[in-house]
Amino acid sequence: MLKLLKGIWLVFLHAFTRPVTVQYPEEKPYLPPRWRGRIILSRDPDGEERCVGCYLCSVACPVGCIALQATEDEHGRRYPAWFRINFSRCIFCGYCEEACPTYAIQLTTDFELSEHDRRNLVYEKEHLLISGTGKYPGYNFYRVSGLRIGGKDKGEAEHEAAPTDLRSLMP
Amino acid sequence: MNETASTLLIIAGVLVTLLTLSALLIWLERRLLGFWQERYGPNRVGPFGLLQVVADMIKIFMKEDWVPPFADKAVFVIAPAVIIVTILMSFAVVPFTPSIVVADLNVGLLFFLAMSSLSAYSVVLAGWASNNKYSLLGGLRASAQMLSYEVFMGLSLMGVVMLAGSFSLRDIVAAQQGVWFCIPQVLGFIIFLIAGLAETKRVPFDIPEAEAELVAGFHTEYSGMKFGMFFVGEYLGIILISAMITVLFFGGWQGPWLPPVVWFSIKTFLFICLFILLRAALPRLRFDQLMTFGWKVMLPLALVNLTVTGALVLVGHPPE
């Protein structure tokens, strides 16, 4: 009986403690810098799209929310004709970012994705593409890998090292 | 003519106040529970979330008013009305101030007990008419609980009646001019508080609607405003029991400096808060614990209280 009263008294005392609630829209919670939120497509320092349309992100995606169609421009440079992410399915796991060989696809800290219409959560390339480099300033995939252009293969230009032989064990 | 007008005015005033308060109680309960659980509760709609009640009301009126095809239709519709009617009838005898009382019956206390017993029918009928096993179980539990707690609820009040020498609630308040009955009748007060908790089907005695076991107990099949009526009935019941505790044990409208109606409101409000605090703090009893507690602990205690009070009254005022 006394324990009951003690319990009631303890609960009553909680009226004088501060609520732990974070009142979200007014009070923003702290987000760690590596937070995984809305996905973007970044550009390289020259302002070109980084995405080379390799489909690795689409394959890595566990919920299958990424769809794209690769194509080539007149110089043989691959890029996505269209790129679509369905954010109503995305689970923000970050596997696409890990899979991407060109740092094109990146996750940002934005998590406020509410829409009145479900279809508005399907983002097309023009919604995904940003004008900056994202987390990796200065990185340009083709500067690292070399580029095959008309009449010249990788590593054949002046002052250009030969590309790494992927099938060799030698460094 | 003048007297009729004033009576009508009092009836209208009491009705409007009570129904508004019972709606506001929903907000109060959610806020207080929030504070006791270290959160805020509804604080978005209007100042301090006060308009949450309006939002809830609009929502509940928009809901489909559905009578299940397998239900006993007439009884199903009547049951929610019964609880509101009986509890509102009980308020007729509650003396809010020396002048504000709808009907000053000379058997006011008996009328209150009779009406609160009748409100048990609402729950039983709702459980029966729903034609649903969970509802029926809720109704069965409610009838058993009401029966056993009704007994010592009445007995616990007889001490007060003996001390005041009257069944009229106004006389009972007047008899507490010197000392409130919560001091000579402390046992009676505790028993009545517990019985009142059981009567209003509140935690820890909410087994008729035990959400964890019976979906929602007797009002499983109810929706829309019929469900709302049960809700309002529950909160009206809390106000009623708090008001009765104030009247019977805490001197009703009596108190220094402030006007009577303010004193009455303050005391009643504190007991309403106590009801909510108990909900925040206590777990639900098991059904057999509830019955054992009622018959083996509370009933003997009520009888002891009755006997001792009777003996003391007899010693103090020997019959002529």
* At q = 0.09, 0.12, 0.14 Å⁻¹, base-10 log of I(q)/I(0) for the protein assembly as shown (Debye sum, equal scatterers on each alpha carbon) -> -0.75, -1.09, -1.36
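How much length, in nm to one decimal, is gained on full extension between B:Leu8 and B:Lys73, taken as 0.36 nm per residue of separation minus their Cα-Cα distance? All intermediate terms of the calculation are to be shown ahead of the outcome.
Working: separation 65, 0.36 × 65 = 23.40 nm, distance 3.39 nm.
Additional length available on full extension: 20.0 nm.
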* Is any helix in chain B, taking whole DSSP H runs, at least 18 angstrom long along its axis by alpha carbon and on average at least 0.0 on the Kyte-Doolittle scale, and which ones? -> B:2-36, B:73-90, B:108-129, B:133-164, B:186-199, B:224-249, B:260-281, B:299-316
* Structure fact -> In whole percent, the Cα-Cα distances of region B:20-149 spread across 10 Å bins from 0 upward as 11, 25, 31, 29, 4
* Structure fact -> Under the Karplus relation with 6.51, -1.76 and 1.60 and θ = phi - 60°, whole-Hz ³J(HN,Hα) for region A:116-132, x at Gly and Pro, equal 7, 10, 4, 5, 5, 7, 8, 9, 8, 4, 5, 7, 7, 6, 9, 8, x
* Pull up all non-local amide H partners of A:Phe83: gap of 5 or more, or a different chain, and H-to-H distance under 5 Å with H placed in the peptide plane. => A:Lys125
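Could you work out the helix-only [θ] at 222 nm for chain B, with each DSSP H run of four or more residues adding -39,500 (n - 2.57) and the total divided by the number of residues, to the nearest 500 deg cm²/dmol?
-22500 deg cm²/dmol
Counting only protein chains, not ligands or nucleic acids, how are B:His219, A:His75 ordered by accessible area (probe 1.4 Å), most first?
Numbers: B:His219 20, A:His75 125 Å².
Ranking B:His219, A:His75 by accessible area, largest first, yields A:His75, B:His219.
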* Find how many whole Å separate the alpha carbon centroid of region B:191-243 from the alpha carbon centroid of region B:11-36. => 15 Å
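Per residue of A:30-43, how many C-beta atoms from partner chains lie within 10 Å of its own C-beta, taken as a mean? Show your work: numbers first, answer last.
Details: counts 0, 0, 0, 0, 0, 0, 0, 0, 0, 0, 0, 0, 0, 0.
For peptide A:30-43, the averaged partner shielding equals 0.
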* To do: Could you pull out every residue, at least 5 positions away or on a different chain, whose amide H is within less than 5 Å of the one on B:Asp206? Hs are placed 1.01 Å off N in the peptide plane, and Pro or chain starts have none.
  => B:Leu285
* Structure fact -> Reported to the nearest 10 Å², A:Cys61 has, with a 1.4 Å probe, an accessible area equal to 20 Å²
* **Per-residue mean of C-beta atoms belonging to partner chains within 10 Å, peptide A:52-60** => 0
* Asked: In region B:258-284, which residues have a backbone nitrogen under 19 Å from the label point lying 7 Å from A:Lys6's Cα in the Cα-to-Cβ direction?
  -> B:278, B:281-283
* To do: Translational diffusion coefficient, Stokes-Einstein: compute it for region B:210-282 using the Kirkwood radius over C-alpha pairs as Rh, at 10 °C and 1.306 mPa s, and state it as an integer in µm² s⁻¹.
  => 112 µm²/s
* Positive-pole candidate from B:Thr309, B:Val215, B:Leu32, dipole of the protein assembly as shown, charges at beta carbon -> B:Thr309
* Structure fact -> Once the in-chain neighbours fewer than 8 apart are removed, the lysines whose Cα is under 26 Å from B:Lys59 read B:Lys73, B:Lys201, B:Lys226
* Asked: region B:10-51: which residues show an accessible-area loss of 10 Å² or more, assembly versus chain alone, 1.4 Å probe?
  -> B:Phe35, B:Trp36, B:Glu38, B:Arg39, B:Tyr40, B:Asn43, B:Arg44
* To do: Could you please state, rounded to a whole Å, how far the C-alpha centre of region B:139-171 is from the C-alpha centre of region B:254-303?
  => 14 Å
* Structure fact -> Probe 1.4 Å, all chains present, heavy atoms only: B:Leu50 accessible area in Å², nearest 10, is 60 Å²
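Could you work out [θ]222 nm for chain A from helices alone, using -39500 (n - 2.57) per DSSP H run of at least four and dividing by all its residues? Round to the nearest 500 deg cm²/dmol.
Details: 5 runs with 31 residues, N = 171.
The per-residue figure over chain A is -4000 deg cm²/dmol.
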* Structure fact -> Residues whose built amide H sits under 5 Å from the amide H of A:Leu129, excluding neighbours closer than 5 in sequence, are A:Leu41
* Structure fact -> At q = 0.08, 0.10 Å⁻¹, the log10 of I(q)/I(0) for chain A from a Debye sum over equal Cα scatterers comes to -0.40, -0.55
* Which percent of the accessible area of the protein assembly as shown is formed by carbon and sulfur heavy atoms (probe 1.4 angstrom)? -> 66 percent
* To do: Quick one: P(r) of chain B from all Cα-Cα pairs, 10 Å bins, percents rounded to integers, in order of increasing distance.
  => 6, 25, 34, 25, 9, 2, 0
* Asked: Per the Kirkwood formula on distinct C-alpha pairs, the Rh of region B:140-255 is how many angstrom?
  -> 15.4 Å
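Give me D for region B:51-106 in µm² s⁻¹, whole number, from Stokes-Einstein with Rh from the Kirkwood sum over alpha-carbon pairs, 37 °C and 0.692 mPa s. Could the numbers behind the result be given before it?
Values: Rh = 14.7 Å.
Translational diffusion coefficient: 224 µm²/s.
Inside 10 Å of the C-beta atoms of A:11-24, what's the mean count of C-beta atoms belonging to other chains?
Values: counts 9, 7, 1, 6, 8, 1, 3, 1, 8, 4, 7, 0, 3, 0.
What the average comes to for A:11-24 is 4.
I need the fraction of alpha carbon pairs in region B:28-67 separated by more than 16 Å, rounded to a whole percent.
Working: 346 of 780 pairs.
Of all Cα-Cα pairs in region B:28-67, 44 percent lie more than 16 Å apart.
The values are calculated or read from the model by the stated rules, or taken from the named source; none is laboratory data. Everything numeric here is computed off the predicted structure, so don't read it as measured data. In this analysis, Cβ positions are derived from the backbone assuming ideal geometry, glycine residues included, and neighbour counts consider all displayed protein chains. Surface areas here come from the heavy atoms of the whole protein model, side chains and all, with no ligands, DNA or RNA. Shrake-Rupley method; radii C 1.70, N 1.55, O 1.52, S 1.80 Å.
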